[in-house]
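Let me begin by presenting the structure, written as structure tokens, before commenting on it.
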């Protein structure tokens, strides 16, 4: 009788141990700096927009409603994103939005903002980078 | 004496040993998983830090354009295009300025967009674990 009880106990322990092993094997909690890096990239994309005369002029025109500036910025950012990896960029200002490389948009995202001066007014420029985790 | 070799006791002993072995393998698996991912994260950190340092520090330590010790972050010094940057780390790390279409270097690489003469380029930092 004792032995049977021990067998049941051992079987129960084995079941729990196997569950733990499965959990340990499947649970992939790797520490990563990827979100920090993606946040830096979002900041960089805004910086290269603001610090280049050509890009900042295009941003000002785009925010004012120019379609050609919209196309210019999309092309420009598409070229940069092509060298960075599989990122989708969403640029927003004054209720307008540009989406670049957003075919297979990742589930995770980071956002950064800058105050932009177009020569007359200040407005907020927001960049959101989407990526797969 | 006979009881020790009875089927029930033998099965119980076998199951107990199996449980112990499974627990030990679970521990070993978790420990080795953690160890390798920790090493990978450190390499990642080295590359991220190196790229950030070069992007935000004056040439020749970094690649940023400076005037009167004021660094213009994300605006690179023209001389940085052909320069190589030495950074002290317990990992092998190389940082260079590359064009938009340049191939990636060896190891774990990160790229940070910047401007050189008004054109978009990347500061690319690649880190590898020293063997």
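Readers should treat all values here as calculations from the given coordinates under stated rules, not as data from a laboratory. Worth saying up front: this structure is predicted, and the values here are computed from it rather than measured. Using ideal geometry, Cβ is built from the backbone for each residue, glycine included, and neighbour counts are taken over all protein chains shown.
Which ranges mark the strands (runs of 3 or more DSSP E) fully within region A:50-126 that have 3 or more residues being under 19 Å from residue B:115 (Cβ atoms)? Can you show your working first?
On the way: elements: A:88-93, A:96-100, A:108-117.
Hits in region A:50-126: A:108-117.
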Anything in region B:54-86 that is within 22 Å of the chain's Cα centre (by Cα), over 12 Å from residue B:114 (Cβ atoms) and surrounded by fewer than 19 Cβ atoms within 10 Å (Cβ to Cβ)? List them, or say none.
B:57, B:61, B:84, B:86
Among (1) farther than 19 Å from residue A:79 by Cβ; (2) more than 9 Å from chain A (Cβ to nearest Cβ), which single condition is residue B:81 missing?
(1)
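Output the residue which, of all residues in region A:82-91 that are facing chain B (nearest Cβ under 9 Å) and buried (at least 17 other Cβ atoms within 10 Å of the Cβ), is nearest to residue B:99 (Cα to Cα). Break it down into steps so the answer makes sense when it comes.
To start, the set of residues in region A:82-91 that are facing chain B (nearest Cβ under 9 Å) comprises A:82-85.
Those left that are additionally buried (at least 17 other Cβ atoms within 10 Å of the Cβ): A:83-84.
Details: A:83: 9, A:84: 11 Å.
The selected residue is A:83.
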Just a yes or no: is a residue in region B:12-33 within 29 Å of residue A:38 (Cα to Cα), within 9 Å of chain A (Cβ to nearest Cβ) and surrounded by 14 or more Cβ atoms within 10 Å (Cβ to Cβ)?
yes
Here are some conditions: (1) more than 23 Å from residue B:76 (Cα to Cα); (2) part of a strand (DSSP E or B). Residue A:31 meets all but one. Which one does it not meet?
(2)
Please state which one of B:42, B:100 is within 12 Å of chain A (Cβ to nearest Cβ) and closer than 16 Å to residue A:48 by Cβ.
B:100
